[in-house]
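The values are calculated or read from the model by the stated rules, or taken from the named source; none is laboratory data. Treat the numbers as computed from the prediction; the structure is a model and nothing was measured. Cβ placement follows ideal geometry from the backbone for every residue including glycine, while neighbour counts extend to all protein chains displayed.
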Amino acid sequence: MNLDAKIPSGPLEKKWDRYRLEMKLVNPANKRKFDVIVVGSGLAGASAAASLAELGYNVQCFCFQDSPRRAHSIAAQGGINAAKNYTNDGDSIFRLFYDTIKGGDFRAREANVYRLAQVSVNIIDQCVAQGVPFAREYGGLLANRSFGGAQVSRTFYARGQTGQQLLLGAYQALSRQIGLGAVKMYPRTEMLDVVLIDGHAKGVVARNLVTGEISSHAADAVVLATGGYGNVFYLSTNARGCNVTAIYRAFKKGAAFANPCYTQIHPTCIPVSGDHQSKLTLMSESLRNDGRVWVPKSTGDKRPPRQIPESERDYYLERKYPSYGNLAPRDISSRAAKEVCDEGRGVGSGGLGVYLDFADAINRLGQRTIAERYGNLFSMYETITGENAYEVPMRIFPAVHYTMGGLWVDYHLMSTIPGLFVLGEANFSDHGANRLGASALMQGLADGYFVIPYTIGHYFVSAKQAKASTSHPEFKKAEEEVKVRTEKLLSIRGRRTVTSLHRELGKLLWDKCGMARHEAGLKEALRKIPELREEFWRNANVPGENQDFNQALEQAGRVADYMEFAELLCLDALNRRESCGGHFRTEFQTEDGEALRDDQNFAFVSAWEYQGPAKPPALHKEPLVYEEVKMTQRSYK
Amino acid sequence: MNLTLKVWRQKSPNAPGRFITFQADGVIPDMSFLEMLDVVNEGLIEKGEDPIAFDSDCREGICGMCSLVINGVPHGGHKGTATCQLHMRHFKDGDTITIEPWRARAFPIIKDLVVNRWAFDRIIQAGGFISVSTGGAPDANAIPIPKADQDQSMDAAACIGCGACVAACKNASAMLFVAAKVSHLSLLPQGKVERHRRVTNMVKAMDAEGFGACTVTGSCEAVCPKEINLTFIARMNREYLAAWFKGK
């Protein structure tokens, strides 16, 4: 497998300019001759579908929800980064780039991240032009705030609903193109396979979730913008429907899967309340700007928080990381929370929680200001827990939130399958081993609005591929495989619900491949996952039939993929014998418990290639070469 | 706690539907309403029965996918709360709860509690946007926008497109939904350029979908999980009238 990242030569800050100058262009009149399939309608998918249609390409866009506006980008709360330096506090493209590379623990690809920082400024302009109501100052100009892991205020926000507003902006741009007939939208339709002809991606096979009909769709290129795989852990902050299926099927067709073990555990989520729980709710980490994180100094202190005097509280983030304090990056904050809970100092029932306290901020700024900044988050917290956080501190605990790993892509965002592009959370390239706050929205929109519109045209001109038709035998074959698999799921008729099997898988992963990992645990997981998978195919109970609106069948298909994918995740975690970012191996830590990277041996991207059902995947390595930055040990002290 | 559920079951769009009674035992107050239904569905699957179909995705009150008319009120009637954020602590042991889908001609039932809300998307496609293509946008700070206008625009933009307003309205009117989008965009300078065209096209699309007329009873505002204000409807009417005078 050839892992050529196709990074343009020349100095870092000129690479993207050079690429755009040297790339091949499709004549405006010829664009309508090219068909593009976009799978997913979140920030990356909707912005890509809209932008490609605006250029003149024929676009088909698929989403499993009832409307493209529901994609889970909508749930992002805190904000979006951009190197605008509107606050005059020393930000620049280079600083945003460097913060992102450093935040990712030097495991991201330099050229991609630099481009991300470059186009970040255009994203804000584009969104404002679309009518995204970002917060403003009284003078009428845009407001900014600081966000986890950054020392400048570069985050743009729309109350606590930034993701919603950005997605609605992209959704409206997409809707405009649907209305104009330039995009054909397929809601409630799930992609179940990608079809290759002569080694190039030429279309997809999808299932209509209302009727069960399985259909083929041909195109000149396929763009996957299908999000992350956090739900492999069962409990996560992801929406219920988020899944690995699209990218996992592409993996099985030959696309390399990069760094699956890089998963992000977000520090500020509402703690689990019981076995019935279907998902975890994130509280925006913008709360850490004004909230102070603490636990009691002594173990087993069960007094109500307000009765614990100041001298008996441990503000552990401020103590351990004085310069970043409560704003330390996500991986570090999460691990610190785990440590204090492991010591028996956790709060709330079950002891899996830490306090996030606003008392000081309320005294300093007044309740009104706090309500203006975080009102919706406080009311959300009260809705879920029944507690008023203006009076008692919030309880928070880390939860799976984002997956930095994904399909391997080159500088063009093309996977190892020619013609198969991967955008947003579904690819791997920009966040390394840990993503900084307010960077996911930035990346999704950068890929969709400002990268794919350039790179896809270059592919069309240079690949010179013949048009594909759905009558090609490869489509028939893929359709047949999907049908057989669906029938197989429905014919098990076992005794265990798919949910219970998924929950068991998730618990195993959380315990063995969650915030802290070690060799013995990972080996145990790798032994148990195949057993669980075997039980799934022998004993799962998938009711109903295919020719129907069958949500249990949808879920079963996704969980079946998790049962395979989980093994890849653990294998990658086992193979990476170092700690970096969100991947913390307990065997590899510094004396004071920080992640111990091994740049000598592990400064590479792990790209896994599928070898067939009975064989372990093959590992390929893309060395991470830094031309501009020097790898250092991250310090937030 | 133990509850009795009367749930609307309907196999397909054209099949007749009816209420079926289920027992939900051992419900925990910390569960969300949908988690309670998850548990009921687990039980149904174990018994080899067809689980109750209902929509949900984010389960944190922002995607707008969940619906359900609970005891006659869309989203269950807790101020500013979508069904997925409604928790069982608001119910009592022994309660009987009726659960129905959104009912409106423009939202045909797909199965059980799931409806088709594509009519909303078609209204947006008719004009619920600012016609800018990617690239070439001026600097984001080029146009100062008064904070008050921005705040009001954001109030309207908070709509999650769930359709509770339609389900609550005796006429199944979509005025609050459409007004929220019209107001969001026309309050901003960027959106003023095509304001007349926008409101005209969106209202036309709304009428074509078969949504009913507005008689300003305010039931939409009362059930809106994002508490979208009724005055946006007045704003849309002004916009519409202005467009009519301009002959757009």
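Considering (1) more than 30 Å from B:A157 (Cβ to Cβ); (2) within 10 Å of chain A (Cβ to nearest Cβ); (3) part of a loop (DSSP other than H, G, I, E, B); (4) among the hydrophobic types (A, V, I, L, M, F, W, C), the lone condition that B:A15 does not fulfil carries the number (2). Among residues of region A:178-189 being in contact with a helix residue (DSSP H, G or I) (Cβ under 7 Å, 6 or more places away or on another chain) and more than 9 Å from every other protein chain (Cβ to nearest Cβ), the one that is surrounded by the most Cβ atoms within 10 Å (Cβ to Cβ) is A:V183.
Just to be sure I understand, how many residues within region B:63-75 are over 26 Å from A:N550 (Cβ atoms) and either surrounded by 24 or more Cβ atoms within 10 Å (Cβ to Cβ) or touching a residue at least 60 places away in the same chain (Cβ under 8 Å) (or both)? Show your work before the answer.
First pass over region B:63-75, keeping only residues over 26 Å from A:N550 (Cβ atoms): B:71-73.
Now restrict to residues that are either surrounded by 24 or more Cβ atoms within 10 Å (Cβ to Cβ) or touching a residue at least 60 places away in the same chain (Cβ under 8 Å) (or both): B:73.
Residues in region B:63-75 being over 26 Å from A:N550 (Cβ atoms) and either surrounded by 24 or more Cβ atoms within 10 Å (Cβ to Cβ) or touching a residue at least 60 places away in the same chain (Cβ under 8 Å) (or both): 1 in total.
If you go through region B:98-121 and pick out every residue that is outside any strand (DSSP E or B) and more than 8 Å from chain A (Cβ to nearest Cβ), you end up with 11. Every listed requirement among (1) in contact with a strand residue (DSSP E or B) (Cβ under 8 Å, 6 or more places away or on another chain); (2) at pLDDT 95 or above is met by A:Y390 save one, (1).
Scanning region B:132-169 for residues that are more than 7 Å from chain A (Cβ to nearest Cβ), assigned to a loop (DSSP other than H, G, I, E, B), touching a residue at least 24 places away in the same chain (Cβ under 8 Å) and not hydrophobic (A, V, I, L, M, F, W, C) gives a single hit, B:G163.
Does A:A556 qualify as being within 23 Å of the chain's Cα centre (by Cα), within 13 Å of chain B (Cβ to nearest Cβ) and crowded, with 20+ Cβ neighbours inside 10 Å?
So A:A556 fits the description; yes.
Each row is one residue, and each column tells you yes or no for (1) under 27 Å from A:G163 (Cβ atoms); (2) assigned by TED's automatic domain parsing to the domain that holds B:R103; (3) acidic (D, E).
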| site | (1), (2), (3) |
| --- | --- |
| B:P13 | no, yes, no |
| B:Q23 | no, yes, no |
| B:I28 | no, yes, no |
| B:E35 | yes, yes, yes |
| B:G43 | no, yes, no |
| B:K47 | no, yes, no |
| B:F54 | yes, yes, no |
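Of B:K226, B:K181, B:K204, all but one fail to be in a helix (DSSP H, G or I) and within 27 Å of B:E60 (Cα to Cα); the exception is B:K181.
Checked across region B:20-28, the condition of being within 8 Å of chain A (Cβ to nearest Cβ) and surrounded by 22 or more Cβ atoms within 10 Å (Cβ to Cβ) holds for no residue. The residue of region A:63-104 that is nearest to the other protein chains (Cβ to nearest Cβ), among those that are surrounded by fewer than 23 Cβ atoms within 10 Å (Cβ to Cβ) and among the β-branched types (V, I, T), is A:T87. Evaluation of B:G128 against the conditions (1) crowded, with 24+ Cβ neighbours inside 10 Å; (2) touching a strand residue (DSSP E or B) at 6+ places or on another chain (Cβ under 6 Å) shows that the sole unmet condition is (2). If you go through region A:210-239 and keep only what is surrounded by fewer than 24 Cβ atoms within 10 Å (Cβ to Cβ) and either closer than 27 Å to B:N116 by Cα or free of Cβ contacts under 8 Å to residues at least 24 places away in the same chain (or both), you end up with A:V210, A:T211, A:G212, A:E213, A:I214, A:S215, A:S216, A:H217, A:A218.
Every residue, every condition in (1) modelled with pLDDT of 95 or more; (2) touching a Leu at 6+ places or on another chain (Cβ under 7 Å), yes or no:
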{"site": "A:C127", "(1), (2)": "yes, yes"}
{"site": "A:Y138", "(1), (2)": "yes, no"}
{"site": "A:L141", "(1), (2)": "yes, no"}
{"site": "A:G149", "(1), (2)": "no, yes"}
{"site": "A:G169", "(1), (2)": "yes, no"}
{"site": "A:H200", "(1), (2)": "yes, no"}
{"site": "A:A206", "(1), (2)": "yes, yes"}
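In this structure, does A:R107 turn out to be within 14 Å of chain B (Cβ to nearest Cβ), in contact (Cβ under 8 Å) with a residue 40 or more places away in the chain, assigned to a loop (DSSP other than H, G, I, E, B) and over 30 Å from B:V115 (Cα atoms)? Walk me through how you get there before you give the answer.
Details: within 14 Å of chain B (Cβ to nearest Cβ): no; in contact (Cβ under 8 Å) with a residue 40 or more places away in the chain: yes; assigned to a loop (DSSP other than H, G, I, E, B): yes; over 30 Å from B:V115 (Cα atoms): yes.
So A:R107 fails the test.
Listed here are the residues, each with its yes/no results for (1) assigned to a helix (DSSP H, G or I); (2) in contact with a strand residue (DSSP E or B) (Cβ under 8 Å, 6 or more places away or on another chain).
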{"site": "A:A250", "(1), (2)": "yes, yes"}
{"site": "A:G254", "(1), (2)": "no, yes"}
{"site": "A:C261", "(1), (2)": "no, yes"}
{"site": "A:Q264", "(1), (2)": "no, yes"}
{"site": "A:P267", "(1), (2)": "no, yes"}
{"site": "A:V272", "(1), (2)": "no, yes"}
{"site": "A:D275", "(1), (2)": "no, no"}
{"site": "A:L280", "(1), (2)": "no, yes"}
{"site": "A:R288", "(1), (2)": "yes, yes"}
